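The values are calculated or read from the model by the stated rules, or taken from the named source; none is laboratory data. All figures in this text were calculated on a predicted structure; none of them were measured in a lab. Every residue, glycine among them, receives a Cβ derived from its backbone with ideal geometry; neighbour counts consider all protein chains shown.
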Amino acid sequence: METPTLDKFPKDVLAAIDVQRAFIVSRLIIAAERLQIFRVLHGKRMKAAAIGRALKIHKTYRDTFLNALVSLGLLHQADDTYWNTRLADKYFIEERSVYWTRQYSKECVEAYETLSVLEKALASGRSCASIKGMKRASYTEAMQRDRRRAEDFTQMLFHFHQDDAEALATYLDLSKHRALLDVGGGSGVMSIALARKNPHLRACVLDLATVCEIAARNIRRARLSRRISTMPGDIRRKLPVGHDVIMLCDIGPVSEQLLKNAHNGLPPGGLVVAVDRYLSDDRTKPLDRLVGSFVGASVQLATRSDMVARVRSCGFQAVKAKNVYRDVWCITGTKSSKQ
Ligand SMILES: C[S@@+](CC[C@H](N)C(=O)[O-])C[C@H]1O[C@@H](n2cnc3c(N)ncnc32)[C@H](O)[C@@H]1O
């Protein structure tokens, strides 16, 4: 999946953006996404007044807002009529599901709000959210309470993790394994790719009940309901037995306790698989992980070496780390067969 990173924008547009004020441009694009302007204009041309009515944009700002999007290379304009550029269609429609548009833009708005006190956070070591007195439920609590939020978040990741899942399925040799427990498996995207690649493999997605409902839908659509099941539960508790592979993919910080639970849940010879965008050993990459830690609560900031050491310290052997796709790393370890 291609994201609208800055290199996708026309050079003359980028040359006009002062990096310190880039946040204003970015906030305008987020507003455009929140208003679903590119979806409304997809395959259509509309007059400014009609766009204003459809999206409830006041006429004080309407034309300036639309013209700023023209200036950014996201809309075309002629005689008061506007339509999407190829850039907008490709990166804001074709490459992004509606779930992504809703969830990601919401997260970005929350990030803007919290970052207004960044200097205070840097000085005090407290999180921006706590300084602002924002009593935010954790994302898992929010998903348990709100089905729409669970769907937006889970399906955003279903889309976003497709390429990672393909890469993982290509790399990971599960030919000698029978049953996979996908801990915090979310949409089921990883289990689906691994099950497709390994026709003998069964899998079980362990996640919140609201998320399991969505995973089950994706699994049905992939025609894999006979081989992939879902199990509502809490991944901080003892893990269910009966699986010879336990996978922990993009589930935030992985505690020693969780790794020990994985070790206890596996039979001798069982495999643990930890997948994430771990920090480089000099802790300078990936950039979005580093900046994300100023706005998110449970961001994974372990380095690959930290994770390898943690997996080893929990009793796993033959621990290996492999870069499988872009900045996604896969760390595997085996439970001794002599236990
Ligand atoms: C970022 S998502 C990743 C989903 C999936 N592994 C993937 O790679 O696409 C993390 C998942 O962990 C689940 N999760 C986090 N804490 C959990 C808990 N205590 N019990 C059950 N699921 C949890 C969330 O509901 C979410 O679906």
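Go through segment 131-141 residue by residue and tally those that are of a type outside the set (S, T, N, Q) and either buried (at least 21 other Cβ atoms within 10 Å of the Cβ) or within 12 Å of the ligand (Cβ to nearest atom) (or both).
2
Checking Ser187 against (1) within 15 Å of the ligand (Cβ to nearest atom); (2) in the same structural domain as Lys320 (by TED's automatic domain parsing); (3) in contact (Cβ under 8 Å) with a residue 40 or more places away in the chain, which test does it fail?
(3)
For every residue, the table says whether it meets (1) of a type outside the set (Val, Ile, Thr); (2) in contact with a helix residue (DSSP H, G or I) (Cβ under 6 Å, 6 or more places away or on another chain).
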site	(1), (2)
Asp282	yes, no
Val295	no, yes
Arg304	yes, no
Val308	no, no
Ala321	yes, yes
Thr332	no, no
Ser336	yes, no
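Within segment 197-211, track down each residue that is touching a helix residue (DSSP H, G or I) at 6+ places or on another chain (Cβ under 7 Å) and either more than 8 Å from the ligand (Cβ to nearest atom) or of a type outside the set (A, V, I, L, M) (or both).
Scanning segment 197-211 gives Lys197, Leu201, Ala203, Val205, Asp207, Thr210.
Could you list, in sequence order, all residues of segment 142-184 that are charged (D, E, K, R) and more than 10 Å from the ligand (Cβ to nearest atom)?
Matches in segment 142-184: Arg145, Asp146, Arg147, Arg148, Arg149, Glu151, Asp152, Asp163, Glu166, Asp173, Lys176, Arg178.
Any residue at all in segment 247-261 that is away from the ligand (no atom under 12 Å from the Cβ) and either touching a residue at least 60 places away in the same chain (Cβ under 8 Å) or closer than 14 Å to Arg304 by Cα (or both)?
Taking every residue of segment 247-261 in turn, none turns out to be away from the ligand (no atom under 12 Å from the Cβ) and either touching a residue at least 60 places away in the same chain (Cβ under 8 Å) or closer than 14 Å to Arg304 by Cα (or both).
For segment 5-13, check the following and say yes or no: at least one residue is more than 21 Å from the chain's Cα centre (by Cα), of a type in the set (A, V, I, L, M, F, W, C) and in a helix (DSSP H, G or I).
For segment 5-13, residues more than 21 Å from the chain's Cα centre (by Cα), of a type in the set (A, V, I, L, M, F, W, C) and in a helix (DSSP H, G or I): present.
Any residue that is more than 23 Å from Thr3 (Cβ to Cβ) and of a type in the set (Ser, Thr, Tyr) - is there at least one of those in segment 290-301?
No, segment 290-301 contains no residue that is more than 23 Å from Thr3 (Cβ to Cβ) and of a type in the set (Ser, Thr, Tyr).
How do the helices (runs of 4 or more DSSP H) wholly within segment 223-334 filter down when requiring 3 or more residues that are closer than 23 Å to Gln162 by Cα and modelled with pLDDT of 95 or more: which remain?
No helices (runs of 4 or more DSSP H) qualify here.
Between Leu157, Leu174, Leu168, Leu208, which is in contact (Cβ under 8 Å) with a residue 40 or more places away in the chain and over 28 Å from Thr101 (Cα atoms)?
Answer to the selection: Leu174.
Restricting to segment 169-193, name every residue that is crowded, with 24+ Cβ neighbours inside 10 Å, part of a helix (DSSP H, G or I) and aliphatic (A, V, I, L, M).
The answer is Val189, Met190, Ile192.
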